[in-house]
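The values are calculated or read from the model by the stated rules, or taken from the named source; none is laboratory data. Remember, predicted model here, so these are calculated numbers, not experimental data. Note: ideal-geometry Cβ built from the backbone for every residue, glycine included; neighbour counts use all protein chains shown. The protein model used for the area step is the full one, side chains on, heavy atoms only, and it has no ligands, DNA or RNA in it. Shrake-Rupley method; radii C 1.70, N 1.55, O 1.52, S 1.80 Å.
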Amino acid sequence: MKRSRKKRRLWLLLPFIVVMVILFYNSNWMGKMVHPIHYQEEITKYAEQYGLDPFLVAAIIRVESNYKPEAESKKGAVGLMQLMPETADWIFEKEGSKVYDVKDLRNPVINIQAGTSYLNFLFNYFDNNRFEVLAAYNAGQGNVMKWKQSGIWDGTLQNVDRIPFRETRNYVSSVDYYYKKYMEIYAKER
């Protein structure tokens, strides 16, 4: 008899628990805990300076380094936005900035400024096609142009599976996923 009462109480309590979990998970607070954006001030400043969507910049940083400024890839990409030193050299030269040291790319401000400048260049180069820009950020402009010109990839998310490099396919899809998550969670505050 006692067991059946306990079971009944549990069954009565279960819908309440389920509702609370759903409300907790769907709240903005929970979304921000699961998908935080670090360096928001710097991201916003440079995204605005270069005419970019700050949520896209944040999504790129999330996928590239998971907000770790000291991150360095096996290929030598450095910092939050995983810039290759040669690309950073070109960006700084193009903008007439002073000479820097590679270790400066670990500085979030310098890295985000250089990365957003490069993204701005890519958006202009690829006529504002977000998916082509993301693919080029990961695999290089030359590869993306080759894929487009040869008809391998049409520059859409729907056909991202046609990109020959698995890493780039996954990269474009992952950045798009985080971009949409950030928009869902943070765009209401704008």
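Identify, by number, the condition in (1) crowded, with 18+ Cβ neighbours inside 10 Å; (2) not in a helix (DSSP H, G or I) that residue 154 doesn't meet.
Going through the list (1) crowded, with 18+ Cβ neighbours inside 10 Å; (2) not in a helix (DSSP H, G or I), residue 154 breaks only (1).
Being among the aliphatic types (A, V, I, L, M) and farther than 10 Å from residue 114 by Cβ is the filter here, so list the residues in the stretch 81-92 that pass it. Steps first, please.
As a first pass, look at the stretch 81-92 and keep what is among the aliphatic types (A, V, I, L, M): 81, 83-84, 88, 91.
Once the filter is applied, which keeps residues that are among the aliphatic types (A, V, I, L, M) and farther than 10 Å from residue 114 by Cβ, the stretch 81-92 yields only 84.
Run down 162, 106, 130 and say which single residue is at pLDDT 95 or above, over 15 Å from the mean Cα position of the chain (by Cα) and within 27 Å of residue 40 (Cβ to Cβ). Working first, answer last.
Values: 162 fails: within 27 Å of residue 40 (Cβ to Cβ); 130 fails: over 15 Å from the mean Cα position of the chain (by Cα).
Residue meeting the stated conditions: 106.
Are there any helices (runs of 4 or more DSSP H) wholly within the stretch 1-101 with 2 or more residues that are farther than 25 Å from residue 135 by Cβ, at pLDDT 95 or above and open to solvent by 70 Å² or more (accessible area, probe 1.4 Å), and if so which? Show your work before the answer.
Numbers: elements: 2-26, 28-34, 40-49, 54-65, 85-94.
Qualifying helices (runs of 4 or more DSSP H): 40-49.
Residue by residue through the stretch 87-113, note down the ones that are closer than 20 Å to residue 39 by Cα and of a type in the set (Lys, Arg).
First, the residues of the stretch 87-113 that are closer than 20 Å to residue 39 by Cα: 88, 103-113.
Within the stretch 87-113, 103, 106 meet the criteria.
I need every pair where a residue in the stretch 168-181 that is touching a residue at least 12 places away in the same chain (Cβ under 8 Å) and farther than 14 Å from residue 66 by Cβ has its Cβ under 7 Å from the Cβ of a residue that is hydroxyl-bearing (Ser, Thr, Tyr) and open to solvent by 30 Å² or more (accessible area, probe 1.4 Å), sequence separation at least 6 or different chains.
none
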